[in-house]
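Take a look at the structure below.
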Ligand code: PLP
């Protein structure tokens, strides 16, 4: 008999991204001409790990007592205040006045997602995920005894597939009371898609129709890459302002990632924010998520909280950070423009892309294409249905030349 319990027998790291990125890193350390487009972290135009200078500056002035002591599970007040202000921006007063909300610090967006999965469905129920997704959702679901069902992200026109979302919600409501719906928007991982305001308004209508007292609806808004949207902060926060249109049976939970917004990947800091029209639902949210946090990892890093509290909360640090964020968004835009236009030239069809860290295309035999490309010194990630290119981690020149190399690899493998 295996010593592992049955539920854990099948636990094997399913996401190969971290492993592949280690392989790529190793290859690049031996040969700098290697192209490593495997992981969702920012690299500069010299393909060196990118640290926001404004973040480093604040890091230098943090005192020991702002880094190392225990604090509390919910998160220190300056952190909570600063993140709320950052997420809701000029709409914060509206939400504070008209709705109920609460924030809990988490170890990255991952911690937030995990706490949502463990508190908003019963065991063996299914979470509704997009068919193109960050596959770690499946793993986090399994860890919390959940299955999953997928909605098709795109229709024939290459826009958001509202019909399928509606269909999958109705289907799932036949077998379970609650719907836990995950959307990663904008700059979706892995496609780079982002919903327009019109698409969001239609989605809100669909959700409102589905959400009743008997069928509560939980919208997990994974906003990991929100601050890299080419439309800018006013536009993305307008999307969030539209969440006021949800009815009282919809609980919105935001998963904020300090990894992505501030480049603090290894510091493991993020937050979850619950928003609802009903006070009790938010009290429940705080109690359950605080409990889960304490049970799973005790608390988030004090270091990360105070760093973010200062950068996002104090005008003198915020301004230079915002300026840098705009610069970074611009260099990512240039990279994606270079990639997309070369892809068009060589006939490499990407999935609908707007902006962000990744571009993805479908192809046959992704693993064979991966092996072929590795031999050519190119590392991108094979998925079940195609491959993902992390343009965040390679420079513009590499973005320009990569589609041709990829197209040749696909053709060679399919011969
Ligand atoms: N959501 C998406 C879509 C991601 O791609 C990631 C990380 O890659 C995360 C959430 C979580 O990131 P973290 O836990 O580092 O904040």
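Taking each DSSP H run with n ≥ 4 as -39500 (n - 2.57) and averaging over every residue of the chain yields -15000 deg cm²/dmol at 222 nm. Averaging 1/r across all pairs of distinct Cα atoms in segment 104-222 and inverting the result yields a Kirkwood radius of 14.6 Å.
Mean projected area of the convex hull spanned by the Cα atoms of the chain, taken over all viewing directions: 21.5 nm².
Rounded to the nearest 0.05, what FRET efficiency is calculated for residue 174 and residue 326 with R0 set to 51 Å and r the Cβ-Cβ distance? Result of the calculation: an efficiency of 0.65.
Considering only 29, 342, 298, the Gaussian network model of the chain with Cα springs below 10 Å gives its largest mean-square fluctuation to 29. Counting only DSSP beta bridges with both residues in segment 59-316, the antiparallel share comes to about 45 percent. Each of 363, 289, 187 was scored by other Cβ atoms within 10 Å of its Cβ. Listed from fewest to most, they are 363, 289, 187. Would you kindly give the portion of the calculated P(r) for segment 214-331 that falls above 23 Å, as a percent of all Cα pairs? Here the long-distance tail beyond 23 Å is 40 percent of all Cα pairs in segment 214-331. In percent, rounded to a whole number, the relative contact order of segment 105-251 is 22, using alpha-carbon pairs under 8 Å and six or more apart. Measuring spread by the Cα atoms of segment 293-338 yields a radius of gyration and Dmax of 15.8, 46 Å.
Classified by the C-alpha gyration tensor, segment 187-281 has an oblate form. Its axis ratio a/c, with a ≥ b ≥ c, is 1.5 or above, and a/b does not exceed b/c. With the simple model of a label 7 Å out from the Cα in the direction of the Cβ, residue 247 to residue 149 spans 1.9 nm. Once you keep just the Cα pairs under 8 angstrom separated by 6 or more residues, what percentage relative contact order results for the chain? Relative CO of the chain lands at 25 percent.
Every read-out reported here was derived from the displayed coordinates using simple, explicitly stated rules and does not represent laboratory data. Since this is a predicted model, take the numbers as computed values, not measurements. Cβ: placed from backbone, ideal geometry, glycine included. Neighbour counts: every protein chain shown.
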